[in-house]
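Only the coordinates and a few stated rules stand behind these numbers; no lab work does. Note that the coordinates shown come from a computational prediction; the quantities given were computed from them, not determined experimentally. Cβ sites come from the backbone with ideal geometry, for glycine too, and all protein chains shown count toward neighbours.
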Ligand SMILES: Nc1ncnc2c1ncn2[C@@H]1O[C@H](COP(=O)(O)OP(=O)(O)O)[C@@H](O)[C@H]1O
Ligand SMILES: [Mg+2]
């Protein structure tokens with residue numbers, strides 16, 4: 001609790017521009033959804049108006065981790081034109097949730113028209129949220145590149161398995177080359193200790209900065225903790241169900257590190273600029289008049 005109060009006091013001192021953070025990993029099952037769901041609760045506790053977007057479209061993990069059963073999901077916005085405000089559900093501790101909807105095949109690969117609809121819908125939320133966390137699915141699919149490319153900063157989750165590290169590097173590579181993502185926060189999940197977590201980060205950082213134009217920052221690490229599994233079973237984020245467990249303490253420290261510093265670059269143009277960025281190249285060419293009138 002002390003940590004939450006400290007974080008809240010710190011947040012109140014600074015005027016906060018909208019911040020959008022995408023959570024990615026490469027390999028699945030490394031803890032993205034749990035880390036996103038818990039960071040969202042901690043951000044909300046710290047006074048940020050927080051929206052978590054479940055971008056693992058078609059699978060709907062976040063609502064399960066939160067133990068909520070939203071009536072609507074993103075499909076209702078994209079397919080049936082429902083206003084996004086009506087689709088957003090309430091999660092624990094005031095966190096707002098844009099649900100992914102499960103078993104929705106049409107969302108597993110968004111087409112350009114759907115992406116544009118999503119961008120337009122999200123622009124409307126700009127004034128009512130301080131923080132958007134985007135929990136993406138596994139792999140380096142089109143949706144993941146789109147969502148992370150549209151965020152200001154990526155939060156990369158890795159675990160000590162060698163495959164996690166190679167997949168994380170592949171993810172950094174694709175995101176930097178295809179989406180222009182330059183800044184990556186790294187969280188090492190399921191590490192046995194601080195030293196090993198830093199070793200893993202260093203390996204990834206060395207390779208990435210050698211071959212790519214990117215900057216990686218060690219944000220924190222979370223130990224393997226049976227309470228994570230228990231909290232998943234209980235459908236309540238671990239920072240709520242086991243607030244003093246080793247993983248919860250580590251998540252608090254990670255949140256503190258993440259939210260105590262301003263984003264690596266501010267969002268001058270607001271959400272509109274951000275979410276529209278990816279469309280510029282593909283749509284500008286088509287929409288630009290062939291000759292300038294007048
Ligand atoms: N720090 C941890 N300690 C123990 N088990 C964990 C930890 N983080 C994740 N897990 C386990 O891994 C599973 C997958 O996590 P999840 O967040 O769904 O991964 P992802 O979203 O990357 O696919 C969880 O259900 C949980 O049982
Ligand atoms: Mg997940």
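List of remarks:
- Cβ-Cβ FRET estimate between residue 86 and residue 235, R0 fixed at 35 Å, reported to 0.05: 0.90
- Put simply, segment 25-78 fits an ellipsoid with semi-axes of 19, 17, 10 Å; these come from the alpha carbon gyration tensor as the roots of five times its eigenvalues, largest first.
- A crude spin-label estimate for the pair residue 163 and residue 124, with each label 7 Å from Cα along the Cβ direction, gives 4.2 nm.
- Cα centroid of segment 60-112 to Cα centroid of segment 121-155, whole Å: 14 Å
- When Rg and Dmax are taken over the Cα atoms of segment 199-242, they come to 16.0, 43 Å.
- Projected label distance in nm at residue 68 and residue 210, using a 7 Å step from Cα toward the beta-carbon: 4.5 nm
- Whole-number percent relative contact order across segment 47-203, with pairs defined as alpha carbons under 8 Å at least 6 apart: 24 percent
- Radius of gyration and maximum dimension Dmax of segment 53-134, Cα, Å: 11.9, 34
- A viscosity of 1.567 mPa s and a temperature of 4 °C, combined with the Kirkwood radius over C-alpha pairs in the Stokes-Einstein formula, give segment 21-277 a diffusion coefficient of 72 µm²/s.
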